Amino acid sequence: MNAAKVLEDLKRRFPNEPEYHQAVEEVLSTIEEEYNKHPEFDKVNLIERLCIPDRVYQFRVTWMDDKGNIQTNMGYRVQHNNAIGPYKGGIRFHSSVNLGIFEIPCLRADIQKFTNYSSDGWWQRRFRLLSAWQIKR
């Protein structure tokens, strides 16, 4: 994996999310050396699958404030990756939150899930499972 190339591609595909780009850059620089020790990860395009969410739900939330004024905010639900367990996270609809900011904790949660399992040989078992599943598809 070339972290700079992955980040460049991510910026091209999602140009309006600079906060998310920064978080991905930090994560990739941290895991790049260990990731490159496992060429099998590139065969299943693992890093792109980790950096791009499976699903993003955007919705409008309309509510009445204490003064009786109608307010409208955007709401987000990001389902990042369920390769090793259920989707984590929740729904955010605060006025200061945008999609790029909300994707950051989802990415970090997924990276944490993956690194917690890597110490016991889990990566190798997971790779075999992913490969078998992809062949069936």
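The values are calculated or read from the model by the stated rules, or taken from the named source; none is laboratory data. Keep in mind that what you see is a predicted model, and the values were worked out from it rather than measured. Cβ atoms come from the backbone with ideal geometry, glycine included; neighbour counts cover every protein chain shown.
Scan segment 3-26 for residues that are over 15 Å from the mean Cα position of the chain (by Cα) and of a type in the set (Lys, Arg) and jot them down.
Those that are over 15 Å from the mean Cα position of the chain (by Cα) and of a type in the set (Lys, Arg): Lys5, Arg12.
Could you tell me whether any residue of segment 102-112 is surrounded by fewer than 16 Cβ atoms within 10 Å (Cβ to Cβ), closer than 26 Å to Glu8 by Cα, modelled with pLDDT under 75 and not aliphatic (A, V, I, L, M)?
yes
Going residue by residue through segment 65-79, is there one that turns out to be surrounded by 15 or more Cβ atoms within 10 Å (Cβ to Cβ), under 23 Å from Val6 (Cα atoms), at pLDDT below 85 and within 20 Å of the chain's Cα centre (by Cα)?
Let us first name the residues in segment 65-79 that are surrounded by 15 or more Cβ atoms within 10 Å (Cβ to Cβ), namely 73-79.
Now narrow it down to the ones that are under 23 Å from Val6 (Cα atoms): 78-79.
Then drop every residue that is not at pLDDT below 85, which leaves 78-79.
Add one more test, that the residue is within 20 Å of the chain's Cα centre (by Cα), and what stays is 78-79.
Yes - at least one qualifying residue is present in segment 65-79.
For segment 22-53, give me each residue that is closer than 15 Å to Asn81 by Cα and surrounded by 13 or more Cβ atoms within 10 Å (Cβ to Cβ). Please lay out each step first, then the result.
We begin by selecting, within segment 22-53, every residue closer than 15 Å to Asn81 by Cα; these are 24, 44-53.
The answer is Val24, Val44, Leu46, Ile47, Glu48, Arg49, Leu50, Cys51, Ile52, Pro53.
Could you please find all residues in segment 28-57 being outside any helix (DSSP H, G or I), out of contact with any Leu (no Cβ under 7 Å at 6 or more places or on another chain) and on the phi < 0 side of the Ramachandran plot? Walk me through it before giving the result.
Keep residues of segment 28-57 that are outside any helix (DSSP H, G or I), which gives 36-39, 44-45, 52-57.
Retained after the next criterion (residues that are out of contact with any Leu (no Cβ under 7 Å at 6 or more places or on another chain)): 36-39, 45, 52-55, 57.
Correct list: Asn36, Lys37, His38, Pro39, Ile52, Pro53, Asp54, Arg55, Tyr57.
On the given criteria, is Ser118 modelled with pLDDT under 75, surrounded by 13 or more Cβ atoms within 10 Å (Cβ to Cβ) and hydroxyl-bearing (Ser, Thr, Tyr)? Even if it seems obvious, please write down each step before you answer.
Values: modelled with pLDDT under 75: yes; surrounded by 13 or more Cβ atoms within 10 Å (Cβ to Cβ): yes; hydroxyl-bearing (Ser, Thr, Tyr): yes.
Spelling it out, Ser118 is indeed modelled with pLDDT under 75, surrounded by 13 or more Cβ atoms within 10 Å (Cβ to Cβ) and hydroxyl-bearing (Ser, Thr, Tyr).
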